[in-house]
Amino acid sequence: MGPSMTVPLAPLLLRLSAAAPAVAVAAPRLKSPAAAAAAGTVHGMRWAVGGGRSRRRCRAAVVEEAGAREDGVLLPKEGDDAAAAAAAGRYDWKEEWYPLYLAKEVPDDAALPLTVFDRQLVLWRDGDGVLRCHEDRCPHRLAKLSEGQIVDGRLECLYHGWQFDGEGKCVKIPQLPEGAKIPRSACARNYEVRDSQGVVWVWMSDANPPDDRKLPWFEPYARPGFTDLSTVHELPYDHSILLENLMDPAHVPISHDRTDWTAKREDAQALFFDVTERTARGFAGYWGRTRTPHLRNLLRFQAPCVLSNTLEYTDKDGRDQCFSAQFLCRPAGQGKSMLIVRFGSTVRSPIAKVLPAWYLHQNACKVFEQDMGFLSSQNEVLLREKVPTRELYLNLRSSDTWVAEYRKWMDRAGHGMPYYFGHSSLAPPTVPAVVEQAPAGAVAGMSASVPAKGGVGTVHAPNPTNRYFRHVVHCKGCRASVKKYTSLKNAFAVLASAAVAASILAATKQWKAVLLAASAVLAAASYACDAVLSLITTNFIRTHRRL
């Protein structure tokens, strides 16, 4: 994908350098360290230093640690750990903004259950349409407020009907005697949320008010004429595994071969990397393909869970253009993550203007399915082995620089997280993951509204291998498409049957032929609608490309 791409589909915009058009590429506008520090004062974009010792099991007993071995294996220098730890300071995962949802996808008439690490939250809109967020727990008997409903602009617990206003204050208890006062302690814990550039963010701190300087801001998305394709995906592996995968451009030609006409396995090659920033809140730098060195992408990781990849260039008419991908990866509990992915550009392909949104969305789903099998297994190995990644990974300088940088950043910040796996240190989860057997709230309602597969009697339980539950329940547009194509499929099937019946009763051969031809066309239309439904809601089955 690149300036000459035909469809802004993505397997991931990290592959922007795949195209090689005759354009003059302008280097991305990366701030100097001083300017970056100043910008951090406004948007909280401060970054974290990397380093750490390297040791390998089942390899040479003595390894020279001088930056890189001759075989290209990354080896950090001695002494980097202490300096980086001192520069990073104390990190606290709660003193951060986390991406909850796309604002346009938040229902107006239902509450959404969401999680950040192990914190269960409920997001909803009050009677004025204002976004509200509370702990997903009724103070009465701990029932989930997300299983309740919105009544007269208030959130009602479905267990006993207690109602809460936007600040979490209980304003109605049906069981109280007439004239009795509602207890002051009958309130739901409130969380501050912001709608910034179409994304809902939540501030997780217990002790401090929201720090708007830390609220991420993406400059390309504020440019005139900049358009984006944004989707939400629920994925069955840890958010650190997801981030690591998204900052790994080397896997794209292999894992996503021919997925959207841009990724080709024969394009797999050595990559170049230039780390230009390491500070307390992440890192940044350039990368590209050695065969097309003039196309340089700017990648930036911002704590705790924001990754951006931007390619800026000058087109043949001398105009500055920009392609950008934003990956907002929320930790949704052990072995679970929620991804908001946004692909945007200052130019839009004519083909993209005519393709339906559901097609672009299902293609994005296909990309994450292609990664899902091995990422889930990677998650399992980390939990089972319980050793730092330097004991398990063989990182290559020509492909894995960002992965190594990220895991070394985890070494700096991990002490302030509930659990983490760093390059040279780790803190595994101390308690087993809680697996809920019953879907709750708006997601349950959306899941049960239309069967993902099957007909009468279909069990509507979330299935992480099904596109319906990983994406469609979080996307108003795709749910509307499922409803529309289901109705069309049924209508065409009924009309086809009616045409066959009419052909039997027809008096002449000509009318019989016409009606039978019509029934064939209608049956084909019904089949086409079913094929669309399958694309949107299909169960994932891992297939390997045969060479």
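Quick notes
- Computed from Cα atoms alone, the Kirkwood hydrodynamic radius reported for segment 216-436 is 18.6 Å.
- Sorted on the mean count of surrounding Cβ atoms within 10 Å across their residues, most packed first, peptides 124-136, 361-373, 175-187 read 361-373, 124-136, 175-187.
- Relative contact order (%) - segment 216-436, alpha-carbon pairs under 8 angstrom, separation at least six: 22 percent
- Label-point separation, Lys483 to Asn190 (7 Å along Cα→Cβ), nm: 3.3 nm
- Each other residue within a Cβ distance under 9 Å of Gly335 adds +1 if Lys or Arg and -1 if Asp or Glu, for a net charge of -1.
- Fully extended contour minus Cα-Cα distance, from Glu135 to Leu392, at 0.36 nm per residue: 88.8 nm
- Solvent-accessible ranking of Arg265, Arg90, largest area first, probe 1.4 Å: Arg90, Arg265
- Relative protection proxy for 470-477, 167-174, from highest mean packing down: 470-477, 167-174 (other beta-carbon atoms within 10 angstrom).
- Sequence-distant contacts, meaning Cα pairs under 8 Å at least 6 residues apart, place the relative contact order of segment 97-203 at 27 percent.
- Each peptide among 381-387, 108-114, 392-398, 349-355 gets the average number of other Cβ atoms lying within 10 Å of its residues, and from highest to lowest they stand as 108-114, 392-398, 381-387, 349-355.
- Relative contact order for segment 454-537, counting Cα pairs under 8 Å that sit 6 or more residues apart, in percent: 37 percent
- Amide H within-cut-off set for Leu121, under 5 Å, with H built and near neighbours excluded: Leu114, Thr115, Val116, Asp136
- Within the shell defined by Cβ-Cβ distances under 13 Å, the residues around Gln197 carry a net charge of +1, with Lys and Arg each +1 and Asp and Glu each -1.
- Computed across segment 340-404, the Kirkwood radius stands at 15.4 Å (inverse of mean 1/r, all Cα pairs).
- The stretch between Phe374 and Arg291, if pulled fully straight at 0.36 nm per residue, gains 27.1 nm over its current Cα-Cα span.
- Protein heavy-atom accessible surface, 1.4 Å probe, per residue over segment 454-537: 55 Å².
- Residue-wise HN-Hα coupling along segment 187-196, computed from phi with Karplus coefficients 6.51, -1.76, 1.60 (Hz; x: Gly, Pro): 9, 8, 5, 9, 10, 6, 10, 9, 9, 10
- Based on the Kirkwood approach, the hydrodynamic radius assigned to segment 97-203 is 13.9 Å, with every pair of different Cα atoms included.
- Net charge dipole size for segment 454-537 [Lys, Arg +1 and Asp, Glu -1 on Cβ; Debye, nearest 20]: 220 debye
- Annotation: extensible slack from Val494 through Thr314 equals 59.3 nm (criterion: 0.36 nm per residue apart, minus Cα-Cα distance).
- Pairs beyond 19 Å (Cα-Cα), from Lys144/Lys476; Lys484/Lys512; Lys144/Lys172: Lys144/Lys476; Lys484/Lys512
- A P(r) calculated from all alpha carbon pairs of segment 184-293, with 10 Å bins opening at zero, reads 9, 24, 37, 19, 8, 2, 1 percent.
- Computing Rg and the Kirkwood Rh from the Cα coordinates of segment 454-537 gives a ratio, Rg/Rh, of 1.17.
- Placing a pseudo-label 7 Å from each Cα along the Cα-to-Cβ vector at Ala270 and Ile182 gives an inter-label distance of 6.7 nm.
The values are calculated or read from the model by the stated rules, or taken from the named source; none is laboratory data. Because the structure is a prediction, the values reported are computed rather than measured. Backbone-built Cβ (ideal geometry, glycine too); neighbour counts: all protein chains shown. SASA here: full protein model, heavy atoms, side chains in, ligands and nucleic acids out. Shrake-Rupley method; radii C 1.70, N 1.55, O 1.52, S 1.80 Å.
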